[in-house]
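Trainee: I'd like to ask some things about the structure below.
The values are calculated or read from the model by the stated rules, or taken from the named source; none is laboratory data. As the structure is a computational prediction, the values presented were derived from the model and not from experiment. We place every Cβ from the backbone using ideal geometry, glycine too, and count neighbours over all the protein chains shown. SASA here: full protein model, heavy atoms, side chains in, ligands and nucleic acids out. Shrake-Rupley method; radii C 1.70, N 1.55, O 1.52, S 1.80 Å.
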Amino acid sequence: MPSTSWIRSTLAALAVCVLLPLGAAGCATGHSRASAQSPSPVGKVLDDTDESGRHLREVDRKDAPEVGVEVTPDPRDGWDVRLAFRHFRCSGPGAGRTAVAGRGLAYLFVDGREAARLRTPDYHLPGRLVPHGTHHVTARLYADDGTAWAVHGKPVQSTADITVSDPDPAPASTPTAPVQSPTHTPTRSPGASAAPTMGGSPVR
């Protein structure tokens, strides 16, 4: 699926985000041997696991859920994460522990570490989780039983890269020549006024 990327600059951060063109948000390589014990008739539970150690649940590409992720800087602090789903709906808090086609949770990872489990497409990522440097924000889809939805042995996920940089230092003001004390007191014509002077303009 094609992806687009864009860059947004601020004084404090540079964001490079990826958004997969999916439908409206709701709520390959390698081949793995299927496990004989699957707790659900939906797909096949594989012996392979994702980075977090959860087993993959293989489904056909035709019916597989999809996710796109967009990350933008929050003007106040941190980052705003927006997910878009296709063939997928987030399960409510009372959902059971059985895998249901096209249902489950979106797990959010920052540099491979789990940051949140989402039941909605919107999330605010605190700035403390993404300090100075480049970070990978990944949204991965899981079934309600904790298995990761997969296609061709790969987890269904999308990743956006964000780079946090220090603010540009303010340019130093140009030093001005010292004002020499006059050797004599100038005279003024009646009614004349002296124009105020400034040592320099403020640096923006």
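Trainee: Dividing the convex hull volume of the alpha carbon atoms of the range 44-168 by its residue count, what do you get in Å³ per residue? Working shown, then result.
Mentor: Working: hull volume 12.8 nm³, N = 125.
Per-residue hull volume (Cα only) is 102 Å³.
Trainee: Next question. Roughly how many percent of the accessible protein surface of the range 68-142 is carbon and sulfur, given a 1.4 Å probe and a whole-percent answer? Each step should come with its number before you reach the end.
Mentor: Values: 1760 of 3610 Å².
Of the solvent-accessible surface of the range 68-142, carbon and sulfur hold 49 percent.
Trainee: Output the peptides 42-52, 121-131, 90-100, 62-72 sorted from most to least packed, where packing is the average of other Cβ atoms within 10 Å over each peptide's residues. Before the final figure, lay out the partial values.
Mentor: Numbers: 42-52: 17.5, 121-131: 15.2, 90-100: 12.6, 62-72: 19.4.
Per-residue mean Cβ counts within 10 Å order the peptides as 62-72, 42-52, 121-131, 90-100.
Trainee: Students sometimes get this wrong: rank HIS135, HIS55, HIS87 by accessible area, probe 1.4 Å, all chains present, largest first. If you can, show how the numbers build up before the last one.
Mentor: Numbers: HIS135 15, HIS55 80, HIS87 105 Å².
Largest to smallest exposure gives the sequence HIS87, HIS55, HIS135.
Trainee: Right, something else. Testing the spin-label approximation: label points 7 Å from Cα along Cα→Cβ at LEU129 and VAL100. State their distance in nm.
Mentor: Distance between label points: 2.6 nm.
Trainee: OK, next. Test of understanding: what is the full-extension gain from ARG76 to THR163, defined as 0.36 nm times their sequence separation minus their Cα-Cα distance?
Mentor: Between ARG76 and THR163, full extension yields an extra 29.6 nm.
Trainee: Once the principal axes of the Cα atoms of the range 94-136 are found, what is the range along each, listed largest first in whole angstroms?
Mentor: 40, 17, 14
Trainee: Moving to a separate point now. Calculate one ³J(HN,Hα) per residue across the range 126-131 by plugging θ = phi - 60° into the Karplus curve 6.51 cos²θ - 1.76 cosθ + 1.60, and present them in order as whole Hz with x for glycine and proline.
Mentor: Karplus values, whole Hz, x for Gly and Pro: x, x, 5, 7, 10, x.
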